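What follows is a single structure, written as structure tokens, with notes after it.
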Amino acid sequence: MNESEGAAARFEAHRDHLRGVAFRMLGSLDEADDAVQRAWLRVDRADARGIENPAGWLTTIVARVCLDMLRTRRARREEPLTPDTLVQRDGGTEPEQETVLAESVGVALLVVLERLAPAERVAFVLHDVFGVPFGEIATAVGRSPVAAKKLASRARKRVRGAEATGTRADLAGNHAVVEAFLLAARDGDLSTLVELLAPDVVRRADRFAVPEEIVTEVRGARAVAEETRVFAHRARTAEVALVDGRPGIVVAPRGRLLAVLLLTVAGGRITEIEVIGDPARLRLLPLATVPAGSASGN
């Protein structure tokens, strides 16, 4: 086996790992595959002799490619995401495959990562997700190890969000109600939905969030539960997240934010639901992942 064949074999041995790194950085399986291919072109031209940690070296190369792609993406304007644009973007990668991968990563995490600056996202993913040392991260982002550590720290604070509102017990209790509501919505469990909703619950939505034939305001537990069951397909692409410091729901097909549900919980029941689909409002909403243990209060 010559050196070129050896390099190709080493690269192929790490391809799945590199694809996973790129997906978390880019949030798109098509772009992740593109990044891995671009990385191979760089590897094929490089002198890999003397590389003691091939996996780390290859990860750094993929990270550099992803950083360039993130900066390019940030420089151009992205169109607002709607169900129609999701269909238009379906291309080389099977949507089902990307959906499975997004769910394994966590759609809430992908949504929050999308809001980070490119270098912050790369530093966070490399360190907090894959445990890459800051010395190697520094090489990937073109900063000092100290600066790379600061990038990851800033990103971590944004991913975790500001201090949640209310007591820890309140947060745990409200999270449990919201999680139960989402699970019942996915299952189309009408009786559980009615139990979780206050009798006089009101659901409000902006016109971006619901089709024209759907009214923007619905009142009453039964009516809201029945409507929720109709939209069970959306619940399957949703996840609980912190919205402005309290448990809410992000609807994010394949990790692309489509809508946010703000839920008000009182006495163990949901008293109000606001569905936001307006891209301008979505961009301003403070979003974060739910801290581990929130549902149990541990």
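The values are calculated or read from the model by the stated rules, or taken from the named source; none is laboratory data. On a predicted model such as this, the values are computed, not experimentally measured, just so you know. Here the Cβ positions follow ideal geometry from the backbone for every residue, glycine too, while neighbour counts run over all protein chains shown. To get the accessible areas, we keep the full protein, side chains included, count just its heavy atoms, and leave off ligands, DNA and RNA. Shrake-Rupley method; radii C 1.70, N 1.55, O 1.52, S 1.80 Å.
Numerical summary
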quantity	calculated
Residue list for region 189-230, filter: touching a residue at least 24 places away in the same chain (Cβ under 8 Å), closer than 19 Å to Thr271 by Cβ, touching an Asp or Glu at 6+ places or on another chain (Cβ under 9 Å) and open to solvent by 60 Å² or more (accessible area, probe 1.4 Å)	Arg204
Scope region 113-156; condition closer than 19 Å to Leu70 by Cα and β-branched (Val, Ile, Thr); matching residues	Val122, Val125, Val129, Ile137, Thr139, Val141
Of residues in region 115-140 being small (Gly, Ala, Ser) and touching a helix residue (DSSP H, G or I) at 6+ places or on another chain (Cβ under 7 Å), the one surrounded by the most Cβ atoms within 10 Å (Cβ to Cβ)	Ala123
In region 163-188, the residues that are open to solvent by 50 Å² or more (accessible area, probe 1.4 Å), without any contact (Cβ under 8 Å) to a residue 40 or more places away in the chain and closer than 20 Å to Ala232 by Cβ	Leu183
Given (1) open to solvent by less than 40 Å² (accessible area, probe 1.4 Å); (2) farther than 19 Å from Ala102 by Cβ, index of the condition Arg254 fails	(2)
Any pair with Cβ under 8 angstrom, 6 or more apart, that starts in region 119-135 at a residue that is without any contact (Cβ under 8 Å) to a residue 24 or more places away in the chain and ends at one that is of a type outside the set (Lys, Arg) and open to solvent by less than 20 Å² (accessible area, probe 1.4 Å)	Phe134/Ala148; Phe134/Ala152
Candidate set: region 8-55, residues that are of a type in the set (Lys, Arg) and assigned to a helix (DSSP H, G or I); chosen: the one surrounded by the fewest Cβ atoms within 10 Å (Cβ to Cβ)	Arg45
